[in-house]
């Protein structure tokens with residue numbers, strides 16, 4: 001097909017801020033259909049995109065012959081139904097994380113998409129940060145040596161404002177662990193490999209947000225052992241007062257190995273901190289320009305806010321995978337792997353015991 005018609009299901013802020021700018025950088029791609037249960041949100045997206053098809057029912061979108069691929073950015077609980085229906089109707093699917101409310105549903109999404117032979121992608125957006133891409137390159141090259149430790153810390157100040165469906169467990173599944181720590185769990189898998197076992201704690205410190213009940217976690221910590229023997233410490237919070245939020249708040253990953261240590265901060269998109277074993281401390285390591293954009297991306301890294309613009313390469317990878325008839329770099333299988341870890345962390349927090357992931 002010369003022109004790919006894309007449907008966006010869930011047309012709120014994530015779609016307008018992340019997905020649309022990425023699609024705009026792709027050749028022969030058209031936002032053809034929109035879907036949202038909120039009429040005002042749907043109308044805003046229709047005016048912004050000029051899409052000729054709009055509906056409040058996703059079932060009407062995924063069955064259309066003139067839709068070739070869908071992007072799902074709805075509340076988490078409906079992801080599986082939409083993704084599976086879309087795949088069964090031959091649509092390629094990019095879905096926001098977490099993929100589902102549990103690992104069984106996430107794995108079913110991956111299996112159904114494989115069976116339908118469509119391209120499928122989990123929106124682990126931070127893998128597209130240039131510094132993370134370069135760090136992965138260095139680890140794969142062997143610069144880290146034998147992995148010893150992985151640690152991540154993601155802190156934001158969200159206060160006690162209302163988070164809408166994200167503070168309702170039956171709609172979101174979890175809170176901070178699915179919202180933010182899922183990205184860092186993916187980092188751990190991406191850089192170090194699968195986890196062997198873990199112990200975790202999740203806490204809900206704000207039972208009321210913006211005058212409405214909140215039954216999701218706003219702080220989570222995981223202590224993990226990886227299959228290769230490395231250790232892991234992961235923490236994430238919405239309640240780190242005064243540290244700001246989004247791209248302007250602390251978000252750090254450090255890995256230590258037998259040969260070197262690396263520190264990655266999403267706020268430093270074009271640099272890492274690096275130190276060799278036996279050295280005197282970490283030094284700045286600039287990211288080569290070849291890693292500033294995703295392969296095949298037409299994005300100019302000098303245009304726009306670099307702490308936001310890297311996200312646009314995600315849509316470019318999705319479209320390129322469809323065009324090139326290959327697997328997406330981060331598929332539903334990666335999303336299901338993260339979901340298994342999240343489920344184990346919830347079980348551990350409830351039982352106050354270590355949970356085996358093998």
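Things to note:
- In terms of its C-alpha gyration tensor, the range 180-312 comes out oblate, because a/c is 1.5 or above while a/b does not outweigh b/c.
- Nearest 10 degrees, 0 to 90: helix 103-116 Cα axis against the chain principal axis: 50
- Cα gyration tensor shape for the range 279-358, rounded if a/c is under 1.5, else prolate or oblate: oblate
- Rounded to the nearest 10 degrees, the angle from helix 182-191 to the longest Cα principal axis of the chain is 60 degrees.
- Residue order for 318, 264, 77, fewest other beta carbons within 10 angstrom first, comes to 77, 264, 318.
- Tilt relative to the chain, helix 39-49 - C-alpha long axis, 0 to 90 degrees, to 10: 90
- Label-to-label distance, nm, for residues given as residue 60 and residue 350 (7 Å Cα→Cβ offset): 3.8
- Computed on the range 28-162, with alpha-carbon pairs under 8 angstrom and 6+ residues apart, the relative contact order is 15 percent.
- Shape of the range 228-268, Cα gyration tensor, a/c cut at 1.5: oblate
- The mean sequence distance of close C-alpha pairs (under 8 Å, at least 6 residues apart), as a share of the length of the chain, puts its relative contact order at 20 percent.
- By DSSP, the beta bridges lying fully in the chain are antiparallel in about 60 percent of cases.
- Simple label model, 7 Å out from Cα along Cβ direction - residue 280 to residue 228, nm: 3.0
- FRET efficiency, residue 162 to residue 244 (Cβ-Cβ, R0 30 Å, nearest 0.05): 0.95
- In a fully extended conformation the segment linking residue 149 and residue 44 would gain 33.2 nm over its present Cα-Cα distance, using 0.36 nm per residue.
- Separation of the range 306-357 and the range 85-132, taken as the distance between their Cα centroids, equals 8 angstrom.
Read-outs: derived from the displayed coordinates by stated rules, not from any lab. In this text, all values refer to a predicted model and were calculated from it rather than measured experimentally. Every residue, glycine among them, receives a Cβ derived from its backbone with ideal geometry; neighbour counts consider all protein chains shown.
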